[in-house]
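Take a look at the structure set out below.
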Amino acid sequence: MIRTLATSLIAMMAATAVTADDLTVYSAGPKPLSAALAEAFTAKTGITVNLFQSTSGKVMARYEAEKANPQADVLISASWGHAITMSEAGELLPYTSVNASNVPDSLKTEDYVAQGAAAIAMVYNTTLDMPAPSEWSDLTDAAYKDMVTMPDPAASGAALSLVQGLASQDSDAAWELISDLKDNGMIVPGANAAALNPVLSGARGVVFGAVDYIAIGQKAAGEAIEVVYPESGTVLAPRPIMIPASTDQADEAKQFMDFVLSEEGQALVAERMILPARTDIEAKRPGWDALTLIDFDYVQAAADAEATKAAFAAAVE
C-alpha cells in the first residue's frame with residue numbers, strides 16, 4: 001500500500017513537472033491565426049501552449065469567471081477597450097517587448113500592445129444593381145434603400161470603435177447619420193458575421209462598418225464583394241495582447257509576446273489579412289499608408305462605451 005502511494009505520488013510529481021512550463025493563452029479569433037501562433041511558438045521554444053480560442057466576449061467572460069483561480073497567462077482580444085479597462089484596474093503585468101520598437105506609440109502602452117489591427121470599412125456586393133459607395137453618408141441615399149446592414153456595437157467592438165470615431169469628429173452629425181441610415185432601412189442583425197452574411201448572399205447590398213480583414217479573406221476566397229475605405233476617414237480596431245498580473249508563468253508569457261511581435265509572428269498575422277502592428281512588416285492588404293485614419297481618444301471612448309451603446313440603440317430603435 002505504501003509502495004503504491006509512493007508510486008502514485010512520484011507519477012503526479014512527474015506530470016506536474018512536464019506541465020509546469022506550459023502556457024495558457026486565451027485568444028479571440030481568427031482561429032487559424034491563434035493556432036498558427038501557438039504552433040510556431042512551441043516549435044521555437046519547446047513551450048507547450050494550451051489554447052482557448054473564442055470571441056472576445058467569451059474570452060473575457062472566462063477570464064472574469066476564473067479570477068478566484070486564474071488560468072490565463074496571456075490574453076488576446078479584438079477589443080482595445082478590454083485592455084484599457086484591465087490596465088486601469090491594475091490587472092495587467094507591465095511589459096515592453098524588445099520587438100515593439102516599430103509598433104506605433106498609439107498601439108502600445110507599458111501594459112499592453114497591439115498584436116495587429118483591423119480597419120473598418122464598407123463592403124458591398126458587386127453583383128447587385130446599385131452604385132459603388134465611396135463615403136459613409138452615401139448609404140443614406142435612396143439607391144441603398146433597404147440594402148444596408150451594420151454590426152451591432154453592443155456585439156462588435158469594431159462597430160463600436162467606428163461609432164466612437166465618427167462621433168469624435170462631430171457628435172451631432174454622427175448620430176444624425178445613424179438615424180438616417182435606420183430611416184433608409186438599415187438593419188442591425190448582430191455581430192460582424194451576422195451583418196456580412198446577408199451581403200455575401202445578396203439579400204442585402206452593403207455593410208456599414210465591416211471588419212476589413214474578414215471581408216478581404218472572403219473576397220480572396222471568391223466572394224463577389226469589394227472593400228471601400230471612405231476618404232473622409234475610418235478607424236482602426238487594434239487587437240491587444242496582454243499578460244494578466246495573476247499569471248504564474250510571467251517569463252513564458254513575455255516570451256510569447258516577444259514571439260507575436262517578432263518578424264515571424266507578425267508575418268503570421270499578415271497572412272490572415274490583418275494589419276501587422278509593426279510598420280516594418282509588409283501587409284498583404286491595404287497598409288498604413290493606404291488608410292486615412294480618424295484619431296480619437298481610445299481611453300475616453302472606453303470610459304464612455306456603455307453610454308455610446310445606449311445612444312446607438314436609441315438612434316436605431
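Which numbered condition trips up A224, out of (1) at pLDDT 95 or above; (2) small (G, A, S); (3) out of contact with any Leu (no Cβ under 9 Å at 6 or more places or on another chain)?
(3)
Taking T149 and the conditions (1) among the polar types (S, T, N, Q); (2) farther than 19 Å from A314 by Cα; (3) crowded, with 19+ Cβ neighbours inside 10 Å, which numbered condition does it fall short on, given that it satisfies the others?
In the conditions (1) among the polar types (S, T, N, Q); (2) farther than 19 Å from A314 by Cα; (3) crowded, with 19+ Cβ neighbours inside 10 Å, T149 misses (2) alone.
Does V148 satisfy being in contact (Cβ under 8 Å) with a residue 24 or more places away in the chain and closer than 26 Å to R239 by Cα?
No, not satisfied.
Quick one: which residue in A215, A224 is out of contact with any helix residue (DSSP H, G or I) (no Cβ under 7 Å at 6 or more places or on another chain) and among the small types (G, A, S)?
Criteria check complete, one pass: A224.
Which of the residues belonging to segment 37-59 are among the polar types (S, T, N, Q) and in a helix (DSSP H, G or I)?
Of everything in segment 37-59, those that are among the polar types (S, T, N, Q) and in a helix (DSSP H, G or I) turn out to be T42, T45, S56.
Of (1) open to solvent by 80 Å² or more (accessible area, probe 1.4 Å); (2) in a helix (DSSP H, G or I); (3) at pLDDT below 95, D21 satisfies all except one. Which?
(2)
Being open to solvent by 60 Å² or more (accessible area, probe 1.4 Å) and at pLDDT below 95 is the filter here, so list the residues in segment 48-60 that pass it.
Answer for segment 48-60, where residues must be open to solvent by 60 Å² or more (accessible area, probe 1.4 Å) and at pLDDT below 95: T55, K58.
G205: open to solvent by 10 Å² or more (accessible area, probe 1.4 Å), small (G, A, S) and at pLDDT 95 or above, yes or no?
no
So in segment 155-190, with the set limited to residues that are hydroxyl-bearing (S, T, Y) and open to solvent by 30 Å² or more (accessible area, probe 1.4 Å), which one is farthest from A313 (Cα to Cα)?
That would be S168.
Output the residue which, of all residues in segment 208-223 that are touching a strand residue (DSSP E or B) at 6+ places or on another chain (Cβ under 7 Å) and among the small types (G, A, S), is surrounded by the fewest Cβ atoms within 10 Å (Cβ to Cβ).
Only one residue tops the list, namely A215.
Looking only at segment 245-283, count how many residues are in contact with an Asp or Glu (Cβ under 6 Å, 6 or more places away or on another chain) and open to solvent by less than 10 Å² (accessible area, probe 1.4 Å).
Looking only at that region, the number is 1.
Quick one: in segment 135-145, of everything that is touching a residue at least 40 places away in the same chain (Cβ under 8 Å) and not aromatic (F, W, Y), which residue is surrounded by the fewest Cβ atoms within 10 Å (Cβ to Cβ)?
A142
Considering only segment 185-196, I want to know if a residue exists there that is without any contact (Cβ under 8 Å) to a residue 40 or more places away in the chain and not hydrophobic (A, V, I, L, M, F, W, C).
Within segment 185-196 (the criterion being without any contact (Cβ under 8 Å) to a residue 40 or more places away in the chain and not hydrophobic (A, V, I, L, M, F, W, C)), the answer is yes, since at least one residue qualifies.
Yes or no: D105 outside the structural domain of P244 (by TED's automatic domain parsing) and surrounded by fewer than 18 Cβ atoms within 10 Å (Cβ to Cβ)?
No: the conditions fail for D105.
What residue, of E271, E252, is assigned by TED's automatic domain parsing to the domain that holds I76 and either out of contact with any strand residue (DSSP E or B) (no Cβ under 9 Å at 6 or more places or on another chain) or closer than 28 Å to P153 by Cα (or both)?
Of E271, E252, the one residue that is assigned by TED's automatic domain parsing to the domain that holds I76 and either out of contact with any strand residue (DSSP E or B) (no Cβ under 9 Å at 6 or more places or on another chain) or closer than 28 Å to P153 by Cα (or both) is E271.
State all residues of segment 286-300 that are aromatic (F, W, Y) and assigned to a loop (DSSP other than H, G, I, E, B); if no residue qualifies, say none.
F296 - this is the single residue of segment 286-300 that is aromatic (F, W, Y) and assigned to a loop (DSSP other than H, G, I, E, B).
Determine, yes or no, whether L293 is closer than 25 Å to L166 by Cα and either among the aliphatic types (A, V, I, L, M) or not assigned by TED's automatic domain parsing to the domain that holds E88 (or both).
The answer is yes for L293.
Please tell me if I76 is within 19 Å of V211 (Cα to Cα) and either among the hydrophobic types (A, V, I, L, M, F, W, C) or at pLDDT 95 or above (or both).
Yes; evaluated as a whole, the condition is true for this residue.
The values are calculated or read from the model by the stated rules, or taken from the named source; none is laboratory data. Since the model is a prediction, treat every value here as computed from it, not as a measurement. Note that we place each Cβ from the backbone using ideal geometry, even for glycine, and neighbour counts take in every protein chain shown. Note: accessible area is taken over every heavy atom of the protein model, side chains too, but ligands, DNA and RNA are not part of it. Shrake-Rupley method; radii C 1.70, N 1.55, O 1.52, S 1.80 Å.
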